[in-house]
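Presented below is the structure to which this report refers.
The values are calculated or read from the model by the stated rules, or taken from the named source; none is laboratory data. These numbers were taken from a predicted model, which means no experiment stands behind them. Heads up, the Cβs are rebuilt from the backbone with ideal geometry, glycines too, and the neighbour counts pull from every protein chain shown.
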Amino acid sequence: MNNVTLNEIQRFSFDNSNVRGERVLLNEAYQEIIKRKEYPVALEKLLGEFVAAIALLRDIIKIDGVLSIQAKGYGFLSTLMTECDEHQNLRGIAQWDESQTIPDTISLKNALEGGYLAITIQPRNGQRYQGIVELVGDTLAECLEQYFSQSEQLPSRVWLAANGAQCGGLFLQRLPEEQAKENDEDAWERLTHLASTVKEDELLGLETSALLHRLYHEEAVRLYDTKTMQFGCSCSRQRTLDAVMSLGSEELRELLIEQGSVNVDCQFCAEQYVFTESDLESLLGDQAKTH
Ligand SMILES: [Zn+2]
């Protein structure tokens with residue numbers, strides 16, 4: 001199957017059924033994220049699933065602000081997170097025990113060994129909301145299905161795939177009864193059954209219209225505008241400085257004495273920030289004087 005180059009997400013619906021969907025396929029945005037570290041193959045795949053998942057969430061949860069999915073683990077994988085803002089800027093990272101040899105295929109559940117998942121919604125203006133997601137089943141897709149059925153009270157299905165070059169996802173959700181269209185009570189069963197025949201190489205290799213034709217050529221499918229997604233990091237000198245200041249004046253003084261400056265590399269985009277004594281002096285006040 002030929003590779004298709006897309007960095008987009010597209011919403012769709014069924015004219016005769018009470019079900020909506022989203023489809024995402026990302027190449028460049030995903031590759032920009034995984035090329036920043038020497039990730040083991042298994043983590044490239046898991047990170048890809050997280051990238052596809054945050055893109056789906058971005059189009060489902062409509063807020064002005066930042067969404068993130070974060071996994072914390074107690075096994076070799078300590079952190080895996082992806083984030084997306086309202087301009088479809090994606091970033092992500094995984095942190096793991098680099099001394100360990102990791103098999104090329106590992107389930108999220110086994111990689112985390114009893115950790116947890118958190119989905120955070122941070123509006124630009126308003127209160128941050130965080131939902132903890134149980135690690136049900138082996139995969140991120142199963143965890144997300146659980147999240148949607150709890151948070152939106154709507155049955156939802158998710159399919160995710162990634163292979164180190166592309167990541168893709170498919171989402172279906174049954175809309176509330178008030179919006180039900182007449183005489184199609186088995187639509188949800190039928191549409192999710194058809195979707196569950198999707199193969200990984202189709203999720204990663206077919207354009208959206210071709211994929212939906214493959215799954216739903218007997219249904220009236222309506223496609224909406226595509227949205228482009230791209231790699232983008234939200235770090236800034238000021239934000240990094242805020243984080244640096246939270247270390248406390250004593251620790252900062254020690255760093256200045258040892259290194260002559262405080263150096264911070266952004267883990268997401270590798271941007272380097274350097275803060276000298278004069279940058280920090282006024283913020284630290286009299287305590288910062290290193291004589
Ligand atoms: Zn950055």
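Data overview
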item	result
Pairs with Cβ under 8 Å, 6+ apart, first in the stretch 103-116 and more than 13 Å from A71 (Cβ to Cβ), second in a loop (DSSP other than H, G, I, E, B)	D104/P40
Of all residues making up the stretch 209-267, the number that are over 23 Å from the mean Cα position of the chain (by Cα) and more than 30 Å from Q166 (Cβ to Cβ)	25
Contacts under 9 angstrom Cβ, first residue in the stretch 198-219 being in the same structural domain as G169 (by TED's automatic domain parsing), partner of a type in the set (D, E), 6 or more apart	T208/E8; A210/E202; L211/E202; L212/E219; R214/E202; L215/E202; E219/D15
Which numbered condition G65 misses (of (1) over 20 Å from I119 (Cβ atoms); (2) in contact with a Pro (Cβ under 8 Å, 6 or more places away or on another chain))	(1)
Matching option when the condition is surrounded by 15 or more Cβ atoms within 10 Å (Cβ to Cβ) and over 16 Å from the mean Cα position of the chain (by Cα), among G73, G137	G73
Strands (runs of 3 or more DSSP E) completely within the stretch 184-291 that count 1 or more residues being within 16 Å of the ligand (Cβ to nearest atom) and touching a strand residue (DSSP E or B) at 6+ places or on another chain (Cβ under 6 Å)	261-265, 272-276
Residue among A141, A111, A165, A118 that alone is in a helix (DSSP H, G or I) and under 27 Å from A270 (Cα atoms)	A111
